[in-house]
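**Q** First the structure, which I've put down as structure tokens, then a few questions once you've had a look.
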Amino acid sequence: MNILVVGGAGYVGGGIVDKLSKDHEVTVYDSLIYETSYRKKVNFILGDIRDSSKLNSILSDFDVVVWLAALVGDGACAINPELTHEINTESVKNLVQNFDKRIVFLSTCSVYGAQDGILTEASDTNPLSEYASSKLKAEEHLKDSNALIFRLGTLFGISDEFSRVRLDLVVNILTAKALIDKKISVFGGDQWRPLLHVNDVSNAISHCLNTDVTGIYNLHYKNYKIIDIAKEIEKKVKDVEVEVTPMSFEDARNYQVSSQKLLDETGFEASIELIKGVNEIYDLIFHNRIKDITDPRYSNQNFLQKFGVS
């Protein structure tokens, strides 16, 4: 199978490329927003997804397009909403118009916003950010295509040896701060997040490429309250203080999801535990493999605010 991984040089793409290239011919198309080079031994095309003529000219060469390219995160997408929708939504519209074979698209459970109960793919959506809105609109463009859409939970862990680590994700940054500051500050703490190790994304895609399923599927490992994430980290990092501030958290998202549909229809179930991701970040920080966790490159929002996207 000949697969084009669009946005394959990013945090999520690292693990996906490694996994898929074991059994398939993989080509990465990426603009290297956060990187200065691409060193994996797979086919690589430097390109911007907004350059539709360049992208469209190669699409017919592939059996599957795995679409990862996007501005990701509420803060990053709020910087320039117009650009966010150009990259996250209009580029997907172009893809659907120019590629009629299989598409694997990564959306987000953030489309559910803040709701009570366990949410399924049939639940109402309630996007609270430009990021979530842009992904939901992209889903609309894909609804009549041959697309498999994963609504991802909140990611954690490390995907591969080359891609940058994201330290703007709740598990990753709390683990780093626990080691460096010996203190974890939790605002509120009762917000639910459906957690997902970054490499369970690649596991799900690899598994589902052997099926003919299409449509929308939630993808997560387990639902955790943020305070319980902090308590799990506390078990790993000794002598850390967990400080809970009883104030409203700036991130209003609060939801739990079910991924039962994915298990029932494909047989896939995310299985990488929270402690594995905690251990991965712990080892990086403990062995001084990150010089400065405040470097903007580890945060989508901070990087884009400093360097922008042209």
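The values are calculated or read from the model by the stated rules, or taken from the named source; none is laboratory data. Everything numeric in this text was worked out from a predicted model, so none of it was measured. Every residue, glycine among them, receives a Cβ derived from its backbone with ideal geometry; neighbour counts consider all protein chains shown.
**Q** Out of all the residues in region 293-310, is one or more more than 20 Å from the chain's Cα centre (by Cα) and surrounded by 15 or more Cβ atoms within 10 Å (Cβ to Cβ)?
**A** no
**Q** In region 284-294, how many are within 14 Å of Lys177 (Cα to Cα) and outside any helix (DSSP H, G or I)? Don't jump to the end; show me each part of the working.
**A** Applying the first criterion (within 14 Å of Lys177 (Cα to Cα)) to region 284-294 yields 284-286, 288, 290-294.
Among the residues that remain, those that are also outside any helix (DSSP H, G or I) are: 288, 290-294.
Of the residues in that region, 6 qualify.
**Q** Now for a separate question. Only residues in region 147-174 that are touching a residue at least 60 places away in the same chain (Cβ under 8 Å) and closer than 21 Å to Leu209 by Cβ count as the first member; pair them with residues that are in a loop (DSSP other than H, G, I, E, B) and not β-branched (Val, Ile, Thr), Cβ under 6 angstrom, at least 6 apart or cross-chain, and list the lot.
**A** Final answer for the pair search is Gly153/His220; Leu155/Leu169.
**Q** Which residue out of Asp116, Asp124 is outside any helix (DSSP H, G or I) and either at pLDDT below 95 or under 22 Å from Ile205 (Cα atoms) (or both)?
**A** Numbers: Asp124 fails: either at pLDDT below 95 or under 22 Å from Ile205 (Cα atoms) (or both).
Checking each option against the conditions leaves just Asp116.
**Q** Would you list the strands (runs of 3 or more DSSP E) that sit entirely within region 208-281 and hold 1 or more residues that are within 21 Å of the chain's Cα centre (by Cα)?
**A** 215-219, 222-225, 254-257
**Q** Still on this structure, please answer the following. Regarding Ala204, is this residue buried (at least 20 other Cβ atoms within 10 Å of the Cβ), within 18 Å of the chain's Cα centre (by Cα) and assigned to a loop (DSSP other than H, G, I, E, B)? Explain how you work it out, then say what you get.
**A** On the way: buried (at least 20 other Cβ atoms within 10 Å of the Cβ): yes; within 18 Å of the chain's Cα centre (by Cα): yes; assigned to a loop (DSSP other than H, G, I, E, B): no.
Against the criterion (buried (at least 20 other Cβ atoms within 10 Å of the Cβ), within 18 Å of the chain's Cα centre (by Cα) and assigned to a loop (DSSP other than H, G, I, E, B)), Ala204 does not qualify.
**Q** Sticking with this structure for a sec: I'd like to know if region 243-251 contains one or more residues that are surrounded by 20 or more Cβ atoms within 10 Å (Cβ to Cβ) and farther than 30 Å from Arg102 by Cα. Steps first, please.
**A** Filtering region 243-251 for residues surrounded by 20 or more Cβ atoms within 10 Å (Cβ to Cβ) gives none.
Within region 243-251, none of the residues are surrounded by 20 or more Cβ atoms within 10 Å (Cβ to Cβ) and farther than 30 Å from Arg102 by Cα.
**Q** How many of the residues making up region 149-169 are in contact with a strand residue (DSSP E or B) (Cβ under 7 Å, 6 or more places away or on another chain) and closer than 26 Å to Leu32 by Cβ? Reasoning before the result, please.
**A** So the first thing to find is which residues in region 149-169 are in contact with a strand residue (DSSP E or B) (Cβ under 7 Å, 6 or more places away or on another chain), and the list is 149-157, 169.
Filter once more, so that each one left must be closer than 26 Å to Leu32 by Cβ: 149-150, 152, 154-157, 169.
Total meeting the criteria: 8.
**Q** Being buried (at least 23 other Cβ atoms within 10 Å of the Cβ) and either without any contact (Cβ under 8 Å) to a residue 40 or more places away in the chain or over 30 Å from Arg253 (Cβ atoms) (or both): is that true of Leu68 here?
**A** Spelling it out, it is not the case that Leu68 is buried (at least 23 other Cβ atoms within 10 Å of the Cβ) and either without any contact (Cβ under 8 Å) to a residue 40 or more places away in the chain or over 30 Å from Arg253 (Cβ atoms) (or both).
**Q** Restricting attention to region 270-289, which residues are buried (at least 17 other Cβ atoms within 10 Å of the Cβ) and farther than 12 Å from His197 by Cβ?
**A** Tyr282, Leu284, Ile285
Each row is one residue, and each column tells you yes or no for (1) modelled with pLDDT of 95 or more; (2) farther than 20 Å from Lys276 by Cβ; (3) among the polar types (S, T, N, Q).
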{"residue": "Asp200", "(1), (2), (3)": "yes, no, no"}
{"residue": "Asn203", "(1), (2), (3)": "yes, no, yes"}
{"residue": "Ser206", "(1), (2), (3)": "yes, no, yes"}
{"residue": "Val213", "(1), (2), (3)": "yes, yes, no"}
{"residue": "Tyr221", "(1), (2), (3)": "yes, no, no"}
{"residue": "Phe249", "(1), (2), (3)": "no, yes, no"}
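**Q** Does any residue of region 35-53 turn out to be polar (S, T, N, Q), surrounded by 13 or more Cβ atoms within 10 Å (Cβ to Cβ) and more than 22 Å from the chain's Cα centre (by Cα)?
**A** Start the filter on region 35-53 by keeping residues that are polar (S, T, N, Q), which leaves 36-37, 43, 52-53.
If we keep only those that are surrounded by 13 or more Cβ atoms within 10 Å (Cβ to Cβ) as well, we get 43, 52.
From what's left, more than 22 Å from the chain's Cα centre (by Cα): 43, 52.
The answer is yes; a qualifying residue exists.
**Q** Need the failing condition index for Ser163 against (1) touching a Gly at 6+ places or on another chain (Cβ under 9 Å); (2) surrounded by 22 or more Cβ atoms within 10 Å (Cβ to Cβ); (3) modelled with pLDDT of 95 or more, just the number.
**A** The one condition Ser163 does not meet is (3).
**Q** May I ask you to list the residues in region 80-136 that are under 20 Å from the mean Cα position of the chain (by Cα) and of a type in the set (Asp, Glu)?
**A** Residues satisfying the conditions are Glu86, Glu90, Glu121, Glu130.
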